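The values are calculated or read from the model by the stated rules, or taken from the named source; none is laboratory data. Just so it is clear, the structure is predicted and the values come from calculations on it, not from any experiment. Positions of Cβ are backbone-derived with ideal geometry, glycine not excepted, and every protein chain shown enters the neighbour counts. In case anyone asks, the SASA skips ligands and DNA or RNA and just uses the protein heavy atoms, side chains included. Shrake-Rupley method; radii C 1.70, N 1.55, O 1.52, S 1.80 Å.
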Amino acid sequence: MSTGARRIVAWSVGAVCSAVVVCLVVTAALDLPVADGTASVVAAVVAVIGLGLSGITLLRDRGTSGPGPGGGRTVRVRARGRGSIAAGGDLRGNAIGARSTVTGASGPAAGGRPARGGQDVSARGAGAVGAGGDIVDNAMGEDSER
């Protein structure tokens, strides 16, 4: 579901909930015994809907929880702006910037560590750097050396 569609759904749910609260308050002001019964029915309906949504969410997420192809959540990686860099994982042993150089061997990889996937990565602006993992052992900036 796109971000725009999620916003529409969220605002719609908020509007419906607000309307229900207003109706319950008006009913309580006019006739308290009727408002008591109405609130009980509304609470039962909301509980059943919440239970159903919880079950759907648990079942839907179960099939996409593992790492690797076909499993896990799709991670969105975006770099916007001149010279910006975004990576879904670690940034290790790089030379980033004009006339930057790598000298010598890079440090040891983190190896054996579980993937941190699941978050979106975004780098916005001139020269921005963003990573979904660690940013280690890099030379960043003009004329930098690692």
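Candidates R124, R113: the one that is at pLDDT 75 or above and farther than 13 Å from V75 by Cβ is R124.
Please work out which one of (1) surrounded by 10 or more Cβ atoms within 10 Å (Cβ to Cβ); (2) at pLDDT below 80; (3) part of a loop (DSSP other than H, G, I, E, B) is the condition R99 fails and give its number. Condition (2) is where R99 drops out.
Could you tell me whether G107 is touching a strand residue (DSSP E or B) at 6+ places or on another chain (Cβ under 8 Å), surrounded by fewer than 16 Cβ atoms within 10 Å (Cβ to Cβ) and modelled with pLDDT under 75? Criteria met by G107.
A Cβ distance below 9 Å, combined with a sequence gap of six or more or placement on separate chains, defines the contacts here; from the stretch 31-42, residues that are surrounded by 12 or more Cβ atoms within 10 Å (Cβ to Cβ) reach no residue that is of a type in the set (A, V, I, L, M) and not in a helix (DSSP H, G or I). Note on the stretch 51-66: residues that are open to solvent by 70 Å² or more (accessible area, probe 1.4 Å) and either at pLDDT 60 or above or not basic (K, R) (or both) amount to 8. Hey, could you check the stretch 68-96 for residues that are at pLDDT below 75 and over 17 Å from the mean Cα position of the chain (by Cα) and say which is most open to solvent (accessible area, probe 1.4 Å)? Top of the filtered list is P69.
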